[in-house]
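S.K.: One structure, as structure tokens, below. Some questions next.
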Amino acid sequence: MPTKAAISLTELDFDSVRASLKTYFEADATFTDYNFEGSGLSILMDILAYNTHYSAFMANMLANEMFLESAQVRKNVISLAKMLGYTPTSRVSSSATLNLVLTVTGTPASVTVLKGTVFTTSVDGVSYNFILRADEVFTAAASYTKDVIVREGVLFTYTHTMNTADTAQKFIIPNAKIDTSTITMKVQTSASDTTTTSHTLQTDYAAVTSTTKNFFLQESDNFFYELYFGDGVIGYQPVDGNLIITEYVACNAGDANGATVFAISGSISGVTDVTITTVSDSAGGGERQSIDKIKLLAPKSYASQGRVVTANDYKTRILEDYPNAAAVKVYGGEEADPPQYGKVFITIKPVTGVTINDTVKAYIKKSLLGPRNVMSIRPEFADPDYLYIVPTVNVKYNPNTTLDSAETIKSQVTTVMENYSNNSIESFDSVFHHSVLSQLISEANTGIVSNILSFSVKKIVTPTLNIVGSYTFDYSNELYHPESGHSAITGGIITSSSFNVLDAAGISRLSYIDEDGADNTRLYYINSGARVYLDNTVGVINYLTGKVTVNNIKPTAVTNTDKTISMNVQLNSPDVVPLRNQIVEIKSSDITVYVTEDVAASSGSTKDYGSTASAGF
């Protein structure tokens, strides 16, 4: 009797399983000269192959969902993260600091602005409500003025009744917009006895006793959150008939970030007028953690064990609890310039905006880091220091190898540079590589024959007008200079935006900064096309460290619409390496692209055909 062929167990996709079945049947003498494709047996093989394929797929999915790294279903990722003691953060509401001045009738000792008082504002034409989360008392001694923190969203209260007979009872807060950091919870004795006891969210299990008035939190289905309590040994357990009263804010995540002007909605008893000044614009709002972010942070949070000692501990804690952080850089004071021992410096690049405001910094320092920080180390914040690449690229293309126009190619090249900035370099410690970007530009369109990419690096400072001040532009990369083997650049390697200063005669001059190639920065204005220098030694330039200073100038006005002074320099290297809290970025408005036809390539001749069409600016 002939030996039948073995079925391959390593093939799991449909086509391979079916081919394996067919091979098996063909080896059986019963099916000699049988037409497998044109018979009813073909349908049976399809069914068997489909069944095997689905079973293999389900087994593979089941295995994947058992591990945090490979799980794809959010519910499973959350369950696996919980095993590491990690709870994903919810949406976080935007907050702002307002100074309120109350005009009060009479002279009462104090006036209370109640919790839930609404302040209205708008961002990009959309209205948002901000509320007080606690009563604020304004006293006559303080002239009825005070700084208050308001949070975006709507205040909700949800009540559960404890039923010990229901062993499957769950305390779900049915609102996907909840900001869990705003939850306050109290337990009322019963519907008839209004005595209440406040409970706090517990994260430090080592401090829990049988009488600790606390509750725990975990994400449930549909982005809802579930409250749960201790068992009477680890944490207090409510009794039958208790009312679980939860108060929280439902918010619009980061949509309300950037609000600047606020107005009070409604009135306050005894107050005829309220003057509102925005101390810090709204910021800090963010979306709930994604699956990828949970996978990233859960193991790191477990490794740090709730402490903040190492740089990674600080980074993990901030990324976990502050969702508006796109990137975080932490370094010790010994790495600062100059060194500042006993400090740790924290820099946060926000998801929206350029920097975080003082209110958010104070919240992170006090609430997120304070309870876990080593007492002898002082956290300090350093704003991100941006190095802006200002690229100019000249592209040549062959119209015989592409159907796209010069304008289309120009748009494609611009998009490539924007994507390179967004995806590759806009983070701490990410290096700008000239050769990488040049290669990406060449691959932007099949018609591109070559490109010449040049760039300068721009830094920006905001001067204080009508005040004598000194300003430092720190590029942290070696600058182009004759000693590096290059020839000197006429007028130096510096170009700056314009600003007004008064000359010795008191005449306002539209002025600029350049350098003399001999370590000095100079202040000048243009007269009849020639540079007239107001100060030949207004500052110094260190070519090796990349630090440029401008001293004792008194700008009276600036021409940049954002009220800044920008300075561009040429580097000695084709790459830009950020240091400490620096971030390299390419702004869309700084990109210049010229696209011209390569006449030699398109005509098949190296003859000079003169001028060519251009799609540049």
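S.K.: Residues of the stretch 150-185 being within 25 Å of the chain's Cα centre (by Cα) and among the small types (Gly, Ala, Ser), which ones?
M.R.: Passing the criteria: Gly153, Ala176, Ser181.
S.K.: Ser190: outside any strand (DSSP E or B), over 22 Å from Arg91 (Cβ atoms), hydroxyl-bearing (Ser, Thr, Tyr) and at pLDDT 90 or above, yes or no? Let's see the steps before the verdict.
M.R.: Details: outside any strand (DSSP E or B): yes; over 22 Å from Arg91 (Cβ atoms): yes; hydroxyl-bearing (Ser, Thr, Tyr): yes; at pLDDT 90 or above: yes.
So Ser190 passes the test.
S.K.: Then there's this: Checking Lys459 against (1) part of a loop (DSSP other than H, G, I, E, B); (2) out of contact with any Lys or Arg (no Cβ under 6 Å at 6 or more places or on another chain): exactly one of these is not met. Which one?
M.R.: (1)
S.K.: While we're here: Kindly evaluate Val395 against the criterion of being out of contact with any Pro (no Cβ under 9 Å at 6 or more places or on another chain) and under 29 Å from Gly539 (Cα atoms).
M.R.: no
S.K.: Separate question: Given the options Gly285, Gly235, name the one that is surrounded by 14 or more Cβ atoms within 10 Å (Cβ to Cβ), in contact with a helix residue (DSSP H, G or I) (Cβ under 6 Å, 6 or more places away or on another chain) and over 17 Å from Val148 (Cβ atoms).
M.R.: None of the others qualify; the one that does is Gly285.
S.K.: Under 8 Å by Cβ, and 6 or more places apart or on different chains, what pairs join a residue from the stretch 431-450 that is touching a residue at least 24 places away in the same chain (Cβ under 8 Å) and within 12 Å of Lys396 (Cα to Cα) with one that is among the charged types (D, E, K, R) and surrounded by 15 or more Cβ atoms within 10 Å (Cβ to Cβ)?
M.R.: Hits for this filter: Asn445/Asp404; Gly447/Asp404; Ile448/Lys396; Val449/Lys396; Val449/Asp598; Ser450/Lys396; Ser450/Asp598.
S.K.: Mind listing just one residue for me: the one in the stretch 145-187 that is free of Cβ contacts under 8 Å to residues at least 60 places away in the same chain and crowded, with 19+ Cβ neighbours inside 10 Å and, of those, farthest from Leu227 (Cα to Cα)?
M.R.: Per the stated criteria, the residue is Val148.
S.K.: Another question, if that's okay. Within the set of pairs 6+ apart or on separate chains, which have a first residue in the stretch 350-365 that is under 19 Å from Lys315 (Cβ atoms), a second that is of a type in the set (Asp, Glu) and surrounded by fewer than 19 Cβ atoms within 10 Å (Cβ to Cβ), and C-beta atoms under 9 Å apart?
M.R.: These pairs meet every condition: Val351/Glu287; Thr355/Asp383; Ile356/Asp383; Ile364/Asp321; Lys365/Glu380.
S.K.: Go through the stretch 323-367 and count every residue that is crowded, with 19+ Cβ neighbours inside 10 Å and hydrophobic (A, V, I, L, M, F, W, C).
M.R.: Count: 10.
The values are calculated or read from the model by the stated rules, or taken from the named source; none is laboratory data. Everything numeric here is computed off the predicted structure, so don't read it as measured data. Positions of Cβ are backbone-derived with ideal geometry, glycine not excepted, and every protein chain shown enters the neighbour counts.
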